[in-house]
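Here the structure comes first, spelled out in structure tokens, and everything after it is commentary.
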Amino acid sequence: MTQRRRHNGPNTPADEDDVPEWVDQVMHTVAAEVRRRRKELGLSAQDLADKCAEIGHPIPRNVIANMESGRRSTLPLVDVMVLAEALETPPVCLIYPVGYVDSVQQLPLRHSTSPMSALQWFTGEETDLGMNDDMLRYFRAHHAAEEQLRTALRDEDYARYHAKTAPNADRKAEALRHQAHAAEAADDALDRLRAARAFIEEEGATPPYLWPDLAAVVDPPESDPNTTEE
């Protein structure tokens, strides 16, 4: 069952009498998406039950059948997670099936919204969300800077190689320009990555693990202070 379409204007308050119970809507949406995805994969209810058991959280065939037919009154979060894994889809896509329903009701007594907007709210990707959740933003910033640094360093090495093997002066000059641009991008990403790690540490959390190749760039080992030239 998909969400019931509302014909009210965007600023018209939701009327409890005109909207099915929100919990039931969520249940029906998940059940419909489980059934749709199961059939898309060519699985029977027993096949899906077997896959859930293989994952380590058995969901019997009759429970799946009752859920899909609307006879099951509850749907634990752990079931959604295991069903999603068995159906080879992210759990959030069972709750907000982007592309398969026109709209969803994100929360009780709220206006209907697009599945994509609801999904971004659920995952914390909404641009207006997270102002009071610094840790989530810091980890996202860390991930983005890490990926950009890795790309920039790879581009710099690639350009350096082409500068060394250039067949003529023009090609070498072009490669050197690319190398300088990549080096600038790497420095910028490195600054942002260090800043994100510092913010995370200041909040008392542990920054994400860095592979040795990046760790050596982000936090190069200090020289031994006891080593002096004679």
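The values are calculated or read from the model by the stated rules, or taken from the named source; none is laboratory data. Quantities reported herein were computed from a predicted structural model and do not represent experimental measurements. Because the Cβ atoms are built from the backbone with ideal geometry, glycine has one as well, and the counts that use them run over all protein chains shown. Heads up: the accessible areas ignore ligands, DNA and RNA and are worked out on the full protein's heavy atoms, side chains in. Shrake-Rupley method; radii C 1.70, N 1.55, O 1.52, S 1.80 Å.
When the residues of segment 163-186 are filtered to those that are crowded, with 16+ Cβ neighbours inside 10 Å and more than 19 Å from residue 148 (Cα to Cα), which remaining residue is farthest from the chain's Cα centre (by Cα)? Step by step, filter segment 163-186, then rank; the result is 163. If you go through segment 107-114 one residue at a time, do you hit one that is in contact (Cβ under 8 Å) with a residue 12 or more places away in the chain and either closer than 30 Å to residue 51 by Cα or part of a helix (DSSP H, G or I) (or both)? No, there is no match, as no residue in segment 107-114 is in contact (Cβ under 8 Å) with a residue 12 or more places away in the chain and either closer than 30 Å to residue 51 by Cα or part of a helix (DSSP H, G or I) (or both). Consider segment 187-209 and keep the residues that are of a type in the set (D, E, K, R) and closer than 14 Å to residue 141 by Cβ. The one that is surrounded by the most Cβ atoms within 10 Å (Cβ to Cβ) is 197. Restricting to segment 29-71, name every residue that is basic (Lys, Arg) and open to solvent by less than 50 Å² (accessible area, probe 1.4 Å). Within segment 29-71, 37, 38 qualify. The residue list 110, 137 contains one member that is of a type in the set (Lys, Arg), under 20 Å from the mean Cα position of the chain (by Cα) and open to solvent by 60 Å² or more (accessible area, probe 1.4 Å), which is 137.
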